[in-house]
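Data block below; observations after.
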Amino acid sequence: MTSNSYLIVGAGVFGVSTAYTLIRKYPNASITIVDRDAYDADSRVAASWDWNKVIRADYDDLIYCKLALEAQDIFESDPLYQPFFHKTGIYWMCRTDYATQVVENYKKLGRKAELEAMSVKEARRLYGGLFEDADYTDVRDVLVNKTSGWANAGDALRAVTKKCIELGVKYVVAETESLTFDRSGRCTGVKTKKGETLSASKVVLCTGAFTAKLLEQAAKASNKPDISAGGRIIAGGITTGMTKLDEESYKRFEHMPVAVQSYNATTGPFVGSLPPTADRELKWWGQKIFKNTQDILGKRISAPPPEPDYAQWKVANPLKQDIDYANSIFYGKNGAHWKMEKHRICWDAFTSSSDFIISPHAGAQGLYVATCGSFHGYKFFPVLGKYVVQMLEGELESELKEKWAWDRERPDEKLNPEFPRWEMKEILGAQAKL
Ligand SMILES: Cc1cc2nc3c(=O)[nH]c(=O)nc-3n(C[C@H](O)[C@H](O)[C@H](O)COP(=O)(O)OP(=O)(O)OC[C@H]3O[C@@H](n4cnc5c(N)ncnc54)[C@H](O)[C@@H]3O)c2cc1C
């Protein structure tokens, strides 16, 4: 093991961005990414591997607003990211004072952009009336930000990973089963399912929805209970669905903005619809965010289904109906004839505040955690690595260090509209009654 060696477990946006930052800063360092899936596989379990993701700085939280602007500037200007970014704008139906807060945050940051909070009456006429038939019940105003958009998520992830490999990062395809420690308790690497050991001086877990399960496996195997996630990290799943637009609908929706319906902690999470891809596929994510709590080595922990592909393509009817519902609240009669063609269950790691964890793990020297995108992490792809490396080197500014700490006070999850509030089996149980 060289003194400047890094093992990054997980090749989603957190892991790849970290590898890309490290290899440019330390071209001679030994940097290895290990992931259960090849970076160019036809199907991957990563939340970051998707047809598209929303890229926006429309945050009521000032810190994420600032970071998202920093990331978006790179999406717009860096030749590595730029081909994947589409500045379509966003149309956000708000049921709280979210729109006003976003506008305020842009002002506080001195950022000039074409954005405003509009009345429903005024907004409804925009974009050729695409959203005239949306559900506006309890909507206070509509945030229209012409500078937001979306990215071809999986394509961008593949391109940046390829670049890392060209620059000297090693990419190993293997499932990590547990962690290895030396006599002093320092983490020295990982053990794969096939029994192979990979070692490095710094081990960074960027394992998304699988993180709590992996830490539990490692805690048990090493007899170190402090390695467990201990309720900090919850795996949450959500359904996405797509329709392939017919010629007439495509002409009408081709230049649509990203659309969002947001609610509150009592009524539920925000729901979104993304503009058609090059294959003319328009996408939604649903309103039901669920845990999959199961017995893992004697503890009740939420984790993706045990199949190697997280059973992500096995989407039962009650989940498909969530997408039909999403269609109806955005497009009403305009989308009523669309046939849903593709469904996927996508898993991410959540914290109760929706903050990431980018922190040393308190249970062992040499072990670090950088994940918990909490359903909003993708857009930060171009800057995540910068902050993870600052964390690795003890240089993260105090505000971020506290926000992303392993150990911090965590708010009640009930205050968070996006936190998984269902159990998957509860929703699937409804299938029997249909
Ligand atoms: C449906 C959906 C829509 C979303 N929409 C948006 C959006 O519009 N905009 C936005 O900004 N964010 C969005 N997000 C959130 C965003 O996708 C995630 O927060 C982010 O991609 C998480 O990145 P990650 O690197 O932590 O995890 P992942 O991308 O999940 O990557 C984790 C990687 O770890 C690997 N791994 C896990 N366990 C092991 C193991 N034991 N051994 C080896 N490899 C392992 C996996 O194979 C995977 O490649 C969305 C999420 C979902 C689910």
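Run down the aspartates and glutamates and flag those whose C-alpha is under 14 Å from the C-alpha of Lys401, throwing out any fewer than 8 positions away in its chain.
Asp355, Glu393, Glu409
Relative contact order for the chain using alpha-carbon pairs under 8 Å, separation at least 6, rounded to a whole percent?
This gives 21 percent for the chain.
Quick one: length gained pulling Asp73 to Arg186 fully straight, 0.36 nm per residue minus the C-alpha distance?
36.8 nm
How much of the DSSP bridge set in the chain is antiparallel, in percent, rounded to the nearest 5?
Percent antiparallel among DSSP bridges in the chain is about 70.
Taking Rh as the Kirkwood radius, which is the inverse of the mean 1/r over Cα pairs, what is the Rg/Rh value for the stretch 374-413?
With Rg and the Kirkwood Rh in hand, the quotient comes to 1.00.
Along the charge dipole of the stretch 159-303, which of Thr293, Pro275, Thr180 sits closest to the positive end, that is, farthest toward it, with unit charges on the beta carbon of Lys, Arg, Asp and Glu (+1, +1, -1, -1)?
Thr180
For the stretch 1-145, what is the Kirkwood hydrodynamic radius in Å, using each pair of distinct C-alpha atoms?
Every distinct Cα pair counted, the radius reaches 18.2 Å.
Determine, for each peptide in 421-427, 68-74, 236-242, the mean count of other beta carbons within 10 angstrom over its residues, then list the peptides with the highest first.
Taking the mean over residues of other Cβ atoms within 10 Å, the ranking is 236-242, 68-74, 421-427.
Rounding to the nearest 20 debye, state how big the charge dipole of the chain is about its Cα centre with +1 on each Lys and Arg Cβ and -1 on each Asp and Glu Cβ.
That gives a dipole near 560 debye.
In whole percent, what relative contact order does the stretch 266-339 give with Cα contacts below 8 Å and a gap of six or more residues?
The normalised contact order for the stretch 266-339 reaches 25 percent.
About the Cα centre, and with charges only on the beta carbon of Lys, Arg (+1) and Asp, Glu (-1), how big is the dipole of the stretch 300-389? Nearest 20 debye, please.
For this selection, approximately 180 debye.
For Thr267 and Thr197, what is the calculated FRET efficiency with R₀ set at 56 Å and r taken between the beta-carbons, to the nearest 0.05?
0.70
Run the numbers for Ala174 and Arg111: contour at 0.36 nm per residue of separation, minus the present Cα-Cα distance, in nm.
Extending this stretch completely gives an extra 18.3 nm.
Could you give the distance between the Cα centres of the stretch 109-162 and the stretch 375-420, to the whole Å?
25
Any chance you could tell me what percent of the C-alpha pair distances in the chain go past 43 Å?
Pairs farther apart than 43 Å: 10 percent.
Just to confirm a number: summing +1 for Lys and Arg and -1 for Asp and Glu over residues other than Ser354 whose beta-carbon lies under 10 angstrom from that of Ser354, what do you get?
Its environment carries a net charge of -4.
Given the pairs Lys112/Lys163; Lys288/Lys403; Lys244/Lys333, which are separated by over 21 angstrom at their Cα positions?
Lys112/Lys163; Lys288/Lys403
Which values, in whole Å and largest first, are the semi-axes of the equivalent ellipsoid of the stretch 309-350 obtained as the square root of 5 times each eigenvalue of the Cα gyration tensor?
In descending order the semi-axes read 23, 12, 8 Å.
So, by mean Cβ neighbours within 10 angstrom, what's the order for 337-345, 160-168, 225-233 with the highest one leading?
225-233, 160-168, 337-345
Please report, in debye to the nearest 20, how large the charge dipole of the stretch 96-153 is about its Cα centre when each Lys and Arg carries +1 at its beta carbon and each Asp and Glu carries -1 there.
Value, rounded to 20: 380 debye.
Mind pulling up the Rg/Rh value for the stretch 176-290? Radius of gyration and Kirkwood radius, both on Cα.
Expressed as Rg/Rh, it is 1.20.
For the stretch 120-162, build the charge dipole from Cβ charges (+1 Lys, Arg; -1 Asp, Glu) around the Cα centre, then report which of Leu143, Ala159, Leu126 sits farthest towards its positive end.
Selected residue: Ala159.
Within 11 Å, Cβ to Cβ, of Gly272, how many net charges do the neighbouring residues add up to if Lys/Arg are +1 and Asp/Glu are -1?
Once positives and negatives cancel, what remains is +3.
Can you tell me the FRET efficiency between Ser328 and Ser43 if r is taken as the Cβ-Cβ distance and R0 is 30 Å, rounded to the nearest 0.05?
According to the calculation, E is roughly 0.55.
Based on Cα positions only, what radius of gyration and what Dmax would you give for the stretch 5-58, in angstroms?
Rg then Dmax for the stretch 5-58, in Å: 12.9, 38.
Rounded to two decimal places and with Rh computed the Kirkwood way over Cα pairs, what is Rg over Rh for the stretch 197-353?
Here the Rg-to-Rh quotient is 1.08.
Going by average Cβ neighbours within 10 Å, how do the peptides 90-97, 315-322 rank, with the highest at the top?
Per-residue Cβ counts within 10 Å, averaged per peptide and sorted highest first, yield 90-97, 315-322.
Work out, step by step, the length gained on full extension between Asn4 and Lys339: first 0.36 nm times the residue separation, then minus their alpha carbon distance; give nm to one decimal.
115.3 nm
Set the bar at 26 Å for Cα to Cα. Now go through Lys162/Lys314; Lys66/Lys202; Lys146/Lys251; Lys202/Lys291; Lys220/Lys386 and name every pair that lies beyond it.
Among Lys162/Lys314; Lys66/Lys202; Lys146/Lys251; Lys202/Lys291; Lys220/Lys386, the Cα-Cα distance tops 26 Å for Lys162/Lys314; Lys66/Lys202; Lys202/Lys291; Lys220/Lys386.
Can you check what the net charge comes to around Val144, using other residues whose Cβ is under 11 Å from the Cβ of Val144 (Lys, Arg +1; Asp, Glu -1)?
Here the count lands on -4.
Each reported figure results from applying straightforward, stated rules to the coordinates on display, with no laboratory input. Only a predicted model underlies this, so the values are computations on that prediction, with no experimental measurement involved. Note that each Cβ is placed from the backbone with ideal geometry, even for glycine, and that neighbours are counted across all protein chains shown.
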